[in-house]
Amino acid sequence: MNKKAILYRMVTDEHICPYGLRSKDLLEREGFSIEDHHLTSREETDKFKQKHSVKTTPQTFINDKRIGGYDDLRDYFGKDEAGQTGTTYTPVIAIFSVAALLSLAYQFAISGEFVSIRTLMLFIAFSMAFLAVQKLKDLYGFTNSFITYDLLAMKWLRYGYIYPFIEAYAGIGMVAQLPALVVAPFSLFIGMVGAISVFKAVYVDKRELKCACVGGDSNVPLGFVSLSENLFMIAGALIMLLM
């Protein structure tokens with residue numbers, strides 16, 4: 001039996017509705033042939049919404065029944081809610097995974113072997129640099145989250161603005177193999193302050209907070225994974241000083 005759906009979505013020179021494309025893709029994956037109607041102007045879109053008494057587009061119709069927008073369509077097919085909801089470790093896992101693969105690739109390229117103490121140092125360095133970039137994207141948003149648990153930033157707010165630059169400098173310095181005494185003290189300092197702050201907030205005060213490790217707009221919970229960022233900094237500093 002041929003399954004048919006009618007889709008109305010906004011497609012103009014200035015804007016192509018992403019949820020219209022998602023609705024079209026979902027219908028195709030569910031085996032529907034689609035009568036795809038483009039709403040090519042704001043006026044045409046407004047007339048459509050007024051005619052069907054709806055507030056948004058896209059709108060999908062199946063068997064002469066209006067299903068609704070993209071979320072309604074997912075619900076119609078029994079799909080989970082789109083996008084990430086609630087707390088998640090995905091951003092941190094993604095950064096650590098790419099940093100690990102990059103460190104293995106880099107070490108193999110320069111030495112012909114994958115695993116060595118230098119591989120660990122590269123992993124720490126790349127992780128720090130990637131995490132610093134996440135913070136630097138929105139310093140204000142990062143500091144708003146960071147000052148709620150970092151003990152030094154609570155006392156001296158400007159530390160929250162300096163922190164990502166120190167983290168980036170330490171990570172880049174480790175990759176460049178700069179002298180230990182011009183890199184390690186910075187990494188050791190922010191790592192120790194951070195580790196103490198996270199431990200106190202999570203394990204002593206039992207506070208449920210969002211971690212600023214991947215920026216201020218994340219849903220990463222403050223906890224062991226957050227603590228690991230600081231432990232990596234401490235480990236990297238100690239390895240530099242002892243090598």
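Brief remarks follow.
- Just one residue in the set 40, 60 is among the β-branched types (Val, Ile, Thr), surrounded by 17 or more Cβ atoms within 10 Å (Cβ to Cβ) and farther than 30 Å from residue 224 by Cβ; that residue is 60.
- Residues located in region 83-115, provided they are surrounded by 13 or more Cβ atoms within 10 Å (Cβ to Cβ) and not in a helix (DSSP H, G or I): 87, 88, 89
- Tally of residues being small (Gly, Ala, Ser), more than 17 Å from residue 94 (Cα to Cα) and either in contact with a Phe, Trp or Tyr (Cβ under 9 Å, 6 or more places away or on another chain) or not assigned by TED's automatic domain parsing to the domain that holds residue 97 (or both) across region 195-215: 2
- All of 192, 233 fail the test of being more than 24 Å from the chain's Cα centre (by Cα), in a helix (DSSP H, G or I) and assigned by TED's automatic domain parsing to the domain that holds residue 127, apart from 192.
- Qualifying residue in region 130-140 (condition: in contact with a Leu (Cβ under 6 Å, 6 or more places away or on another chain), part of a helix (DSSP H, G or I) and either not assigned by TED's automatic domain parsing to the domain that holds residue 100 or not aromatic (Phe, Trp, Tyr) (or both)): no
- Test for residue 151: is it surrounded by fewer than 19 Cβ atoms within 10 Å (Cβ to Cβ) and without any contact (Cβ under 8 Å) to a residue 60 or more places away in the chain: yes
- When region 12-37 is filtered for residues that are loosely packed, with under 12 Cβ neighbours inside 10 Å and of a type in the set (Ser, Thr, Tyr), only 33 remains.
- One residue alone among 74, 9, 66 is basic (Lys, Arg), more than 30 Å from residue 229 (Cα to Cα), part of a strand (DSSP E or B) and touching a residue at least 40 places away in the same chain (Cβ under 8 Å), and that residue is 9.
The values are calculated or read from the model by the stated rules, or taken from the named source; none is laboratory data. The shown structure was predicted, so the numbers you read here are calculated from the model rather than taken from an experiment. Backbone-built Cβ (ideal geometry, glycine too); neighbour counts: all protein chains shown.
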